[in-house]
Amino acid sequence: MAKSFKVAAVQLNIDKPIDSILKDIKSYIQLAKRKKVDIICFPEDSIYAGPKKNKEIIFEIKKLCKKYKIWCIIPTHLKEKKYVYNSALLINDKGFMSGKHRKVHTLGDGRVTPGTKFDIHYTKFCKIGIAICWDVSNPKAIKSMVEKGAKIIFCPMYWCYDEWAHKNNHRKFEKKILESLILTRAYENLVYIIFCNPIDNEARLTSYTAIAEPHRIIKELFNKEGMIVSEIDLNYLSEMRKKWS
């Protein structure tokens with residue numbers, strides 16, 4: 001396995017028709033390829049167009065991954081038998097699905113069925129974990145994936161603040177909460193953490209995307225569309241774990 005590789009997180013504008021969103025996804029995958037990115041992550045609810053259309057779009061994204069030889073984490077809602085799950089799919093650089101996470105902590109959203117577990121997923125770079133939005137509030141879930149060998153936890157999100165939580169400047173103060181949360185999860189588990197939020201018309205949405213290692217936030221993006229890229233250094237992570245575990 002590689003000792004270093006590149007990841008990207010896209011703060012995608014999902015306040016568009018689904019065909020325009022797919023065009024943007026394609027553009028970001030192309031940009032990521034030019035920047036020599038190995039794994040690209042998109043935010044929660046990136047593909048949200050109904051069960052049939054969702055599957056059609058996922059098929060197109062699989063073809064893009066194969067064409068550009070890139071791994072991708074793409075969230076969508078999938079109907080499996082009679083249940084609908086808020087899912088994040090791991091697609092490999094050959095265009096095949098290598099893993100899937102179903103959101104466990106759905107906050108009582110009756111439209112979807114909660115998942116039941118936090119698996120690790122195998123890539124040619126390292127083992128990874130996936131947690132969707134409020135899943136990251138559960139420290140035991142993140143710890144369990146790290147204990148099973150995950151070196152990175154990807155967290156596609158659609159993170160909204162509560163009106164009562166702050167007197168004013170809600171997004172500014174909620175951003176501080178997310179900064180604290182990503183660093184806490186990275187530091188307490190000695191793992192890389194990636195938060196990936198969208199841009200949308202939801203008034204309470206906190207559009208904050210970041211990549212963190214145990215001691216610092218490496219890259220971040222706030223309140224605007226775009227993509228951040230960072231190198232993942234597994235040697236650094238190994239040294240940290242030897243020293244502090």
- Task: Just round it to a whole percent: the fraction of Cα-Cα distances in the chain exceeding 27 Å.
- Result: 29
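If you stretched the chain out fully between Asp119 and Arg34, how much longer would it get, using 0.36 nm times the residue separation minus the C-alpha to C-alpha distance? Don't skip to the answer; put the middle values down first.
Details: separation 85, 0.36 × 85 = 30.60 nm, distance 3.07 nm.
Between Asp119 and Arg34, full extension yields 27.5 nm more.
State to the nearest 20 debye the size of the charge dipole of the chain about its Cα centre, where the only charges are +1 on K and R beta carbons and -1 on D and E beta carbons. All intermediate terms of the calculation are to be shown ahead of the outcome.
Details: 45 positive and 27 negative charges, 181 e Å.
Roughly 880 debye for the chain.
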- Item | the chain: calculated mean residue ellipticity at 222 nm from DSSP helix runs of at least 4, using -39500 (n - 2.57) | -10000 deg cm²/dmol
- Note on the structure: For region 1-130, shape from the Cα gyration tensor axes a ≥ b ≥ c, cut at a/c of 1.5 then a/b versus b/c, turns out oblate
- DSSP beta bridges in region 4-244 [antiparallel fraction, %, rounded to 5]: 70
- Message: I'd like the Karplus ³J(HN,Hα) series for region 138-146: coefficients 6.51, -1.76, 1.60, θ = phi - 60°, whole numbers in Hz, and an x wherever there's a Gly or Pro.
- Response: 9, x, 5, 5, 5, 4, 5, 5, 5
- Amide H of Asp45: which non-local residues (sequence gap of 5 or more, or other chain) have their own amide H closer than 5 Å, using H built in the peptide plane? Thr76
- Message: Under the rule a/c < 1.5 gives rounded, and otherwise a/b versus b/c splits prolate from oblate, where does region 1-68 land using the Cα gyration tensor?
- Response: prolate
- Message: Apply the Karplus curve 6.51 cos²θ - 1.76 cosθ + 1.60, θ = phi - 60°, to the phi angles in region 216-230 and return the couplings in whole Hz, x for Gly and Pro.
- Response: 6, 8, 7, 9, 8, 9, 9, 6, 8, 6, x, 9, 10, 10, 8
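Using the structure shown, select from Lys117/Lys148; Lys26/Lys67; Lys67/Lys103; Lys69/Lys148 the pairs with a Cα to Cα distance greater than 18 angstrom.
Numbers: Lys117/Lys148 13 Å; Lys26/Lys67 11 Å; Lys67/Lys103 29 Å; Lys69/Lys148 27 Å.
Listed pairs above 18 Å: Lys67/Lys103; Lys69/Lys148.
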- Note on the structure: For 93-102, 201-210, ranked highest to lowest by mean beta-carbon neighbours within 10 Å, the order is 201-210, 93-102
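So between Phe173 and Trp244, what do we pick up on full extension, going 0.36 nm a residue minus the alpha carbon distance? Walk me through the intermediate numbers first.
Numbers: separation 71, 0.36 × 71 = 25.56 nm, distance 3.10 nm.
Extra length available between Phe173 and Trp244 comes to 22.5 nm.
Every read-out reported here was derived from the displayed coordinates using simple, explicitly stated rules and does not represent laboratory data. This structure is a prediction, so every number in the text was calculated from the model and none was measured. For neighbour counting, all protein chains shown are included, and Cβ atoms are generated from backbone atoms with ideal geometry for every residue, glycine included.
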